[in-house]
Amino acid sequence: MTELETLEKWLSESRRAVFFGGAGVSTESGIPDFRSVDGLYNQSYDEPPETIISHSYFEARPEVFFRFYKEKMLWLDAKPNAAHRTLARLEEAGHLAAVVTQNIDGLHQAAGSRTVYELHGSVHRNYCTKCHTFFDARYVKEADGIPLCDVCGGVVKPDVVLYEEPLDPAVVEGAVEMISKADLLMVGGTSLVVYPAAGLLRYYGGDRLVLINKTPTPYDGAADLILSGKIGELLGQIDFEGKDRT
Ligand code: NAD
């Protein structure tokens with residue numbers, strides 16, 4: 001049996017699988033990740049992304065923060081790829097219980113996934129730091145420089161978890177519960193070096209830990225199954241009951 005066939009069989013047997021993913025899930029949708037050769041860490045910016053998208057930098061130099069954020073992190077025309085679509089269908093067919101993602105792009109929901117734990121928030125939610133008025137991502141993208149609230153003039157902050165900021169405890173709690181109850185944990189498109197998110201893997205106690213990545217990760221030694229390659233191409237080939245339902 002090939003690795004893909006094993007994954008297919010395991011998924012068809014699953015009733016509460018969980019997918020844990022990262023930026024690599026969206027590269028085939030045209031959104032760059034942080035660490036691949038063509039990712040954001042390998043582009044010429046004066047400061048590294050984790051400096052610019054940190055809480056203290058947002059406070060100190062919001063104009064540079066928003067220039068980087070709008071240029072490099074807001075991909076509002078991106079569409080879900082085969083990985084997002086397969087995961088949504090697996091949930092609909094009753095095999096997958098939840099998606100836990102480090103991504104902030106909203107593409108799992110756009111593909112139809114319903115139970116999504118967004119560990120690092122979402123570009124689609126933005127709030128005035130003074131009066132808490134809600135704004136959509138397009139408002140931020142189209143603002144001239146720093147987006148300002150049209151009600152009170154306060155700075156509008158994306159609801160994404162910046163470096164130095166804690167994760168939302170309720171989201172973490174929900175993700176931990178799903179992972180600890182999972183009968184299969186599929187981990188894909190993440191370098192597994194960003195903590196505390198990567199640490200959630202330790203809550204999985206089963207014997208079907210599947211890793212899908214283009215490159216090796218620190219968890220390869222712990223995996224029960226490894227699929228090497230592009231996650232959209234791989235998951236797009238998965239055949240399971242309910243796949244063709246739209
Ligand atoms: P990362 O950039 O550190 O790692 C991406 C991983 O995905 C790498 O190991 C790479 O080899 C792999 N990869 C890239 N394309 C792939 C593909 N098509 N198929 C399979 N594997 C592929 O990303 P991370 O681990 O998620 O951590 C970085 C942080 O970046 C996260 O906190 C996340 O919030 C943020 N981020 C999010 C987005 C997004 O929302 N789309 C984009 C960039 C960064």
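Compute the length gained on full extension between E177 and R138: take 0.36 nm times their separation in residues and subtract their Cα-Cα distance, giving the result in nm to one decimal. Spell out each step's value before the answer.
Working: separation 39, 0.36 × 39 = 14.04 nm, distance 3.34 nm.
Here the segment from E177 to R138 would lengthen by 10.7 nm.
Mean separation of Cα pairs under 8 Å and 6 or more residues apart, divided by the residue count, gives the chain a relative contact order of 26 percent. For a label point 7 Å from the Cα of A170 along Cα→C-beta, name the residues of segment 128-148 whose backbone N is under 20 Å from it. Hits in segment 128-148 for A170 at 20 Å: 128-136. Assuming R0 = 25 Å, can you tell me the calculated FRET efficiency for the pair E13 and K214, based on Cβ-Cβ distance, to the nearest 0.05? Between E13 and K214 the formula returns 0.40.
With the highest mean first, a sort of the peptides 2-12, 83-93 on other beta-carbon atoms found within 10 angstrom per residue produces 83-93, 2-12.
Ordering of 178-187, 228-237 by packing is 178-187, 228-237, highest average first (other Cβ atoms within 10 Å, averaged per residue). If I fit a long axis through the Cα atoms of helix 82-92 and take the longest principal axis of the Cα atoms of the chain, what angle between them do I get, 0 to 90°, rounded to 10? Long axis of 82-92 versus the principal axis of the chain: about 70 degrees.
Leaving out ligands and nucleic acids, and using a 1.4 Å probe, what accessible area per residue does segment 134-246 come to in Å²? Write down the numbers at each step before the final one.
Working: 5860 Å² over 113 residues.
Heavy-atom SASA per residue in segment 134-246 reads 52 Å².
Can you give me the % of accessible surface on segment 157-246 that is carbon or sulfur? Probe 1.4 Å, all protein chains present, nothing else counted. The C+S portion of the solvent-accessible surface of segment 157-246 is 51 percent.
The values are calculated or read from the model by the stated rules, or taken from the named source; none is laboratory data. All of these numbers come straight from a predicted model, not from anything done at the bench. Please note: Cβ atoms are built from the backbone with ideal geometry, for glycine as well, and neighbour counts cover all protein chains shown. The area values use the complete protein model at the heavy-atom level, side chains included, leaving out ligands, DNA and RNA. Shrake-Rupley method; radii C 1.70, N 1.55, O 1.52, S 1.80 Å.
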